[in-house]
Amino acid sequence: MPNTIPQGGDPSLVVSQIGAYAVRAVGIGLVLFGTYLCYLVVTEAWDLYRDPSQRAVERMAGVIEKGAHIDETLRNLVEFADNERREKRQQQAVKDRRGEPRASDPRPGESAPVPTSSEPSLTVGRTSVPIPLSLTYVLAWVVVVTLLLIIGRLSLSVLRIGAEIALHDRHGKRIARELLAEALMEAEKRRASP
């Protein structure tokens, strides 16, 4: 079959050729769109690499916090634990003034327990300052990177499919022929059986 539209030829050939060109045009459009998406993903990833403190991640963290209130809940839990600890210290201070023994005091012959803290803290001089940890910020980074990976994968798929359509992939032609043959066989079976 020639690559040009035949002059004064069979109308079905003309329609077939126009359809082939339209399919190629769609394929080229998909290739261009996929290339543009790939470019956007790469530039966004590069921008995040060069300047990790971008507003996009902070906006995502704000949206997550607004919807899920993760950091607020954690802050409330920490405040509750601090209040409990303060109350225990105050109760122990009252007991110490009265001269009552502490529950944590070692018995005769035992060594004193080593105090441990489960809170992350930064020691500055002699004081320990708690380190604020924003879980929504970490979660926002995970979401942003995951979205970049998903969009990158989709853009590569669009690029591949567009290239296959534009180049009239032989594998695709073989599958199309097989589907057409199967459809014709089904149609013949239906005609044969009343």
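The values are calculated or read from the model by the stated rules, or taken from the named source; none is laboratory data. Just so you know, these numbers come straight off a predicted model, no measurement behind them. Cβ placement follows ideal geometry from the backbone for every residue including glycine, while neighbour counts extend to all protein chains displayed.
Considering only residues that are in contact with an Asp or Glu (Cβ under 8 Å, 6 or more places away or on another chain) and either exposed (fewer than 14 other Cβ atoms within 10 Å of the Cβ) or modelled with pLDDT under 85 (or both), which ones fall in segment 136-170?
Within segment 136-170, 136, 137 meet the criteria.
Which residue out of 68, 81, 103 is under 29 Å from residue 139 (Cα atoms), at pLDDT below 80 and not hydroxyl-bearing (Ser, Thr, Tyr)?
Values: 68 fails: at pLDDT below 80; 103 fails: under 29 Å from residue 139 (Cα atoms).
Step by step, each of 68, 81, 103 is checked, and only 81 is under 29 Å from residue 139 (Cα atoms), at pLDDT below 80 and not hydroxyl-bearing (Ser, Thr, Tyr).
Which condition number in (1) at pLDDT below 80; (2) in a helix (DSSP H, G or I); (3) not basic (Lys, Arg) is the one that residue 112 fails?
That leaves (2) as the condition not met.
Would you mention how many residues in segment 1-31 are surrounded by 10 or more Cβ atoms within 10 Å (Cβ to Cβ), closer than 23 Å to residue 162 by Cα and either at pLDDT below 75 or small (Gly, Ala, Ser) (or both)? Full working, then the answer.
First, the residues of segment 1-31 that are surrounded by 10 or more Cβ atoms within 10 Å (Cβ to Cβ): 5-6, 9, 13-31.
If we keep only those that are closer than 23 Å to residue 162 by Cα as well, we get 15-31.
Checking which are either at pLDDT below 75 or small (Gly, Ala, Ser) (or both) leaves us with 16, 19-20, 22, 25, 27, 29.
Final tally of qualifying residues: 7.
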